[in-house]
Amino acid sequence: MTTYNPQEIEQHAQKLWEEHQSFEVKPDKNKEKYYCLSMFPYPSGKLHMGHVRNYTLSEIIARYYKMQGRNVLHPIGYDAFGLPAENAAIKNKTAPAEWTYANMDEMSAQLKRLGFAYDWSRELATCKPDYYRWEQWMFVKLFKQGLVYRKDAVVNWDPVDQTVLANEQVIDGKGWRSGAEVIRKTIPQWFLKITDYAEELLSSLDNMPGWPDSVKTMQRNWIGKSKGLELDFQVEDFGKVSIYTTRPDTLYGVSYMAVAPEHPLALQAAAADTELAAFLKQCGKEQSNEAAMATMEKKGMYTGMDATHPLTGEKVPVWVANFVLMTYGTGAVMAVPGHDQRDYEFAQKYDLPITQVIDAEGDVSAAAITEKGHLLNSGDYTGMNFGQAFVAMSEHFKATGIGRVQVNYRLRDWGVSRQRYWGCPIPIIYCDDCGAVAVPEEQLPVTLPEDVVFDETGGSPIKKMPEFYETVCPKCAKPATRETDTFDTFMESSWYYARYTCPHYSGGMLSDEADQWLPVDQYIGGIEHAILHLLYARFYHKVLRDQGLVNSDEPFVKLLTQGMVLKDGAKMSKSKGNTVDPQCLIDQYGADTVRLFSMFAAPPEQSLEWSDEGVEGAARYLNRVWFQVTSFVEVTTEKEFGMTSDLDKSQKDMRLKIHQTIAKVTEDIGERQTFNTAIAAMMELTNALSKFSDESDNGMAIRHEGWHSLVKMLSPFAPHMTQALWSQLGESELLCEASWPEVDQSALVQDEIEMVVQVNGKLRAKLAVAADASKEDIEALALIEENVMKFTEGKVIRKVIVVPNRLVNVVVS
RNA sequence: GCCGGGGUGGCGGAAUUGGUAGACGCGCCGGAUUCAAAAUCCGGUUUCUUCGGAAGUGCGAGUUCGAUUCUCGCCCUCGGCACCA
């Protein structure tokens with residue numbers, strides 16, 4: 001018997017896989033494909049526990065399906081562009097590229113040390129020109145087709161550092177480096193028309209059973225489809241102001257209008273009113289993110305202009321309000337304080353009239369009545385319900401030409417411009433004569449210079465590099481200026497899963513191999529990506545489809561969203577100082593232990609509480625398996641075992657346990673994806689097999705069957721150790737190439753079943769009944785149980801409920 | 001603020017379709033082994049208890065023969081909110 005030496009065993013197994021190129025795959029017509037993918041990492045430094053968890057999850061699934069006979073594609077790469085590389089560049093005076101490549105090397109070494117079954121030949125990094133050139137190529141294509149446009153949009157501007165800040169770099173309204181008050185600045189930026197796909201992105205969700213309902217709900221709410229009325233109000237000295245409302249039934253309750261601070265009406269009014277201008281300026285200092293907008297104090301100011309109510313003809317004042325979003329609807333709203341809580345609070349603050357025009361439960365002197373009901377005090381519409389009023393009013397406004405039914409989406413077009421260096425250059429050239437011109441295909445890629453120096457402000461170096469931005473117009477050949485903004489890094493992560501199918505293809509964005517692997521069968525990543533990344537990738541996939549590059553409608557068939565890794569109840573992070581370095585654990589216990597614990601500690605979708613003692617437990621378990629299997633191998637030299645059909649009770653029970661466990665582990669991995677319970681079941685089997693010391697021929701055959709099956713089932717979790725045990729069991733093929741154990745249905749047949757007997761829902765007895773006993777027999781047996789009689793004595797039996805194979809409940813009173 | 005999760009022993013968690021609450025593991029307690037310790041192995045471990053039982057899954061109601069599971073109302077906590085990835 002040898003002792004369990006993880007370092008040695010793991011090195012040996014990894015060498016075997018490398019020699020056999022076990023995980024390098026090509027499309028194979030004779031095997032069903034399975035594409036298993038974890039969200040690729042941002043190369044921020046060393047691996048952290050969140051990575052280990054993410055990659056172990058896809059690993060278990062990939063190895064499981066390989067053993068199920070599928071042709072499994074399981075690739076890895078790096079989401080290599082992004083802000084942290086720039087921060088590191090400022091701090092360490094290194095170029096972002098250098099820092100990124102060093103991190104990638106370090107992470108790859110760690111991933112290899114963990115023994116993950118990746119096809120390393122397909123590794124990619126998004127910061128390499130042979131990757132991002134195709135992103136530029138697609139952008140140019142979409143530009144020519146009108147799916148890309150340029151418009152003004154707001155950024156966080158640090159007036160001291162003279163640079164644009166990411167939301168993350170704004171702390172309490174101040175720039176993180178300069179400490180200066182951040183202001184809203186409007187600059188021209190590029191947008192992708194994701195809203196053209198809003199309806200399909202919404203409706204496809206109904207046909208995605210492999211996605212969690214929570215994620216689909218979040219995406220539905222994010223897209224935010226609503227049906228309402230767009231209505232024109234006439235404003236004196238200004239003209240038409242359109243509003244959008246989903247509650248036209250409350251129109252008679254309008255007591256004022258409110259426009260966004262950036263609305264043209266507000267700007268016009270402010271031109272002649274210094275107080276209003278000051279108010280708008282103040283609004284421009286407030287954070288524009290949605291959370292801040294929703295929680296900040298509601299403030300407003302009268303513009304001095306009045307609108308005419310389209311039905312009553314009455315004058316209603318037009319206000320500027322800091323909570324009206326220029327980016328949703330028309331940037332102007334009709335305010336109905338009686339039936340909208342936000343309008344209500346605003347009206348109370350500024351003493352505007354509050355009237356009730358809907359008959360529903362509530363009291364307008366206390367709060368807005370937001371429930372629907374029949375209309376009150378609403379002219380010809382009085383008495384109608386919501387639906388009737390909606391139809392009648394939309395017909396009326398359609399006839400008079402001042403209103404129309406409108407479907408609106410909360411989803412906004414995707415702004416892809418970033419005023420940052422470490423990203424994919426946007427392939428546009430600005431010419432004084434020709435305007436914005438796409439870089440011609442033959443000039444792609446527009447390569448990002450990697451040898452750059454950052455200054456203290458963090459401003460993008462390429463914006464100060466004439467050798468980068470000075471160029472000539474592709475149309476007229478006159479001197480022109482290259483775009484120095486780069487793409488949002490979500491652009492790269494929106495199609496990398498497709499590029500893994502043909503990472504080295506130089507003839508185009510995707511080769512024919514794409515459709516042989518796509519869609520991804522199983523995608524795994526953090527829940528924090530539930531909306532943005534997953535929505536952008538779905539959108540991009542539909543764009544790829546419409547460009548004829550893929551033939552599927554959705555990129556990810558099944559989605560598993562993993563929870564975070566916590567320590568002492570808080571997310572592991574460098575700033576909190578509660579990180580656990582996976583490398584230390586690997587050095588101490590080996591990769592198998594780290595993998596096993598990360599799967600055992602919690603179900604994948606929940607957050608995982610880190611525990612050093614728990615890791616010990618996982619190591620102890622692997623040691624036990626090692627000891628048991630090697631001990632078993634010592635007492636027998638046989639490899640083939642014959643089993644006769646006349647098993648005794650304990651032998652039957654042992655076989656029952658073995659095959660129940662195979663069924664359970666197969667379901668837990670393949671269907672439920674609850675890897676923690678799969679491990680628990682294997683631990684139970686290990687305990688049972690350890691106690692089963694039958695040395696008869698049948699006993700030995702059952703023990704061989706048990707250990708053999710356990711080693712296979714444990715192999716996705718602890719592939720190194722199980723590979724070594726597999727050899728010891730006399731097998732010469734690689735375990736990762738072996739087939740998954742199968743359930744022997746005959747072993748599952750039980751003659752007798754234990755049932756529970758309750759009296760008034762409380763457990764009073766346990767009953768062993770024949771598997772084929774009738775309900776009547778079971779009921780009769782239950783009622784004569786001693787402890788049952790004790791609790792039914794002197795009482796009237798009202799009802800007896802018999803749930804087959806489970807329980808009997810005797811209801812007495 | 002809005003949207004989506006989560007809350008079960010000392011701890012991580014299990015209970016799959018409304019049917020034995022606490023599987024499995026950690027920790028702890030006791031025992032074996034040992035000169036001793038570590039490691040390992042065996043047993044116990046929700047709380048209260050008059051030892052018959054009773055209570056118990058964040059809190060409060062409800063549906064049901066039966067609720068951790070379903071419904072309603074709260075509390076706490078985590079994720080996202082469009083330039084962190």
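Once you have the Kirkwood Rh of region A:610-652 from its Cα pairs, apply Stokes-Einstein at 37 °C and 0.692 mPa s and quote D in µm²/s.
Value of D from the Cα-based Kirkwood radius: 243 µm²/s.
Under a point spin-label approximation (7 Å from Cα along Cα-to-Cβ), what is the A:LYS112-A:THR677 distance to one decimal in nm?
For A:LYS112 paired with A:THR677, the spin-label model returns 3.9 nm.
Expressed as an acute angle from 0 to 90° and rounded to the nearest 10, what is the orientation of the C-alpha long axis of helix A:6-20 relative to the principal long axis of chain A?
80 degrees
Give the separation of the Cα centroids, region A:385-452 to region A:693-746, in Å.
If you average the Cα positions of each part, the centres end up 58 Å apart.
If the reach is capped at under 18 angstrom between alpha carbons, list the lysines near A:LYS298, excluding any in the same chain fewer than eight residues apart.
The reachable lysines, counting only those whose Cα sits under 18 Å from A:LYS298, are A:LYS281, A:LYS285, A:LYS349.
Mind checking the angle between helix A:649-667 and chain A's longest principal axis? C-alpha axes, 0 to 90 degrees, to the nearest 10.
Tilt relative to chain A: about 20 degrees.
Compute, for chain A, the length of the dipole vector about the Cα centre, with Cβ point charges of +1 (Lys, Arg) and -1 (Asp, Glu) only. Units Debye, rounded to 20.
On the way: 82 positive and 112 negative charges, 186 e Å.
Roughly 900 debye, rounded to the nearest 20.
What residue among A:ALA718, A:SER746, A:VAL796 has its Cα farthest toward the positive end of the dipole of region A:687-813, where the charges are +1 on Lys, Arg and -1 on Asp, Glu, each on the Cβ?
A:VAL796
Cross-link candidates for A:LYS144: which lysines have Cα within less than 17 Å, leaving aside residues fewer than 8 places away along the same chain?
Within the straight-line limit of under 17 Å, A:LYS144 reaches these lysines: A:LYS193, A:LYS475.
Full-extension gain between A:LYS285 and A:CYS584, please, as 0.36 nm times their residue separation minus the C-alpha to C-alpha distance.
Full-extension gain reported as 103.0 nm.
Describe numerically, in nm with one decimal, the distance between label points set 7 Å from Cα along Cα→Cβ at A:LYS652 and at A:VAL391.
6.9 nm
Pairs of alpha-carbon atoms within less than 8 angstrom and 6+ residues apart define the contacts here; what relative contact order does region A:192-349 have, in percent?
Once normalised by length, the contact order is 26 percent.
Calculate, in whole percent, how much of the Cα-Cα pair population of region A:186-302 lies beyond 16 Å. Kindly include the intermediate steps, with their values, before the conclusion.
Values: 5098 of 6786 pairs.
Beyond 16 Å sits 75 percent of the P(r) for region A:186-302.
Rounded to a whole number, what is D in µm²/s for region A:168-248 from Stokes-Einstein with the Kirkwood radius over alpha-carbon pairs (4 °C, 1.567 mPa s)? Please list the in-between numbers first.
Numbers: Rh = 17.5 Å.
Using the Kirkwood radius from Cα pairs, D works out to 74 µm²/s.
Sorted by average packing, counted as other Cβ atoms within 10 angstrom per residue and highest first, what order do A:272-278, A:371-377 take?
So the peptides A:272-278, A:371-377, ranked by packing, come out A:371-377, A:272-278.
For A:LYS33, enumerate residues with amide H under 5 Å from its amide H, sequence gap 5+ or separate chain, H modeled in the peptide plane.
A:ASN71
Give me P(r) over region A:406-515, computed from all C-alpha to C-alpha distances, binned every 5 Å, as integer percentages.
2, 10, 15, 17, 17, 15, 12, 7, 3, 1, 0
In whole percent, what relative contact order does region A:1-102 give with Cα contacts below 8 Å and a gap of six or more residues? Kindly include the intermediate steps, with their values, before the conclusion.
Details: 84 pairs, mean separation 29.9, N = 102.
Averaging sequence separation for qualifying contacts and normalising by length gives 29 percent for region A:1-102.
Helix A:697-714 against the longest principal axis of chain A: what's the angle in degrees, Cα atoms only, rounded to the nearest 10?
20 degrees
Please list the non-local residues whose amide H lies under 5 Å from the amide H of A:TRP414, H modeled 1.01 Å from N, same-chain partners needing a gap of 5 or more.
A:LEU192, A:ILE194, A:THR195
Identify the residues of region A:769-796 with backbone N under 18 Å of a label point that sits 7 angstrom from the Cα of A:LYS762 along the Cα-to-Cβ direction, or state none.
The answer is A:783, A:785-796, whose backbone nitrogens lie closer than 18 Å to the label point.
Only four residue types carry charge here, +1 at the Cβ of Lys and Arg and -1 at the Cβ of Asp and Glu. Report the dipole size of region A:1-151 about the Cα centre in Debye, rounded to the nearest 20.
720 debye
Under 29 Å Cα to Cα from A:LYS766, which lysines show up? Leave out anything in the same chain fewer than 8 places away.
Correct list for A:LYS766: A:LYS649, A:LYS652, A:LYS657, A:LYS664, A:LYS691, A:LYS775, A:LYS790, A:LYS795, A:LYS799.
For region A:201-210, in order, what is each residue's ³J(HN,Hα) by Karplus, 6.51 cos²θ - 1.76 cosθ + 1.60 with θ = phi - 60°, in whole Hz (x at glycine and Pro)?
Whole-Hz 3J(HN,Hα) from phi for region A:201-210: 4, 6, 6, 4, 4, 5, 10, 10, x, x.
Tell me, what ³J(HN,Hα) does each residue in region A:308-321 have, in order and in whole Hz, if you take phi through Karplus 6.51 cos²θ - 1.76 cosθ + 1.60 with θ = phi - 60° and put x for Gly and Pro?
Rounded to whole hertz, the list is 9, 5, x, 10, 8, x, 6, 7, 10, x, 9, 10, 9, 10.
Pop out the ³J(HN,Hα) list for region A:111-127 in order, Karplus 6.51 cos²θ - 1.76 cosθ + 1.60 with θ = phi - 60°, rounded to Hz; leave Gly and Pro as x.
5, 5, 5, 7, x, 5, 7, 8, 8, 5, 5, 9, 4, 9, 9, 5, 8
With unit charges on the beta carbons (Lys and Arg positive, Asp and Glu negative) and the dipole taken about the Cα centre of region A:5-103, which residue among A:PRO43, A:ASN54, A:ASN5 sits farthest to the positive side?
Positive-most Cα among the choices belongs to A:ASN54.
If you wrap a convex hull around the Cα atoms of region A:720-813, how much volume per residue is inside, in Å³? Show your work: numbers first, answer last.
Values: hull volume 14.6 nm³, N = 94.
Each residue corresponds to 155 Å³ of Cα convex hull volume.
For chain A, what's the relative contact order in percent, using C-alpha pairs closer than 8 Å and at least 6 residues apart?
About 14 percent, as a whole number.
Viscosity 0.890 mPa s, temperature 25 °C: give me the Stokes-Einstein translational D for region A:319-402 in µm²/s, with Rh taken as the Kirkwood radius over C-alpha pairs.
Here the translational diffusion coefficient equals 172 µm²/s.
Using the charge dipole of region A:348-485 (Lys, Arg: +1 at Cβ; Asp, Glu: -1 at Cβ; taken about the Cα centre), state which of A:ILE354, A:SER394, A:ALA436 has its Cα farthest towards the positive end.
In region A:348-485, that residue is A:SER394.
Along each principal axis of its Cα atoms, how long is chain A end to end? Whole angstroms, biggest number first, please.
101, 83, 49
Within a Cβ distance under 15 Å of A:ASP432, other residues only, what is the Lys/Arg minus Asp/Glu net charge?
0
Once you charge only the Cβ atoms, +1 for Lys and Arg and -1 for Asp and Glu, what is the size of the charge dipole of region A:381-511 about its Cα centre, to the nearest 20 debye?
Values: 12 positive and 16 negative charges, 147 e Å.
Roughly 700 debye, rounded to the nearest 20.
Starting from the amide H of A:MET305, placed 1.01 Å from N in the peptide plane, find each other amide H under 5 Å away whose residue is 5 or more places distant or on another chain.
A:VAL318
How big is the Kirkwood radius of region A:1-84, worked out from every pair of different alpha carbons and given in Å to one decimal?
15.2 Å
Determine the equivalent ellipsoid of region A:121-185 by diagonalising the alpha-carbon gyration tensor, then write out the semi-axes as square roots of 5 times the eigenvalues, largest first, rounded to whole Å.
Semi-axes, largest first: 33, 19, 8 Å.
What is the pair-distance distribution P(r) of region A:250-403, computed from all Cα-Cα distances in 10 Å bins starting at 0, with each bin given as a whole percent?
Binned Cα distances yield the sequence 11, 36, 35, 16, 2.
Every read-out reported here was derived from the displayed coordinates using simple, explicitly stated rules and does not represent laboratory data. This one's a predicted model, so the numbers in the text were calculated from it and none came from an experiment. Counting neighbours? That spans all protein chains shown, and the Cβs are built from the backbone with ideal geometry, glycine included.
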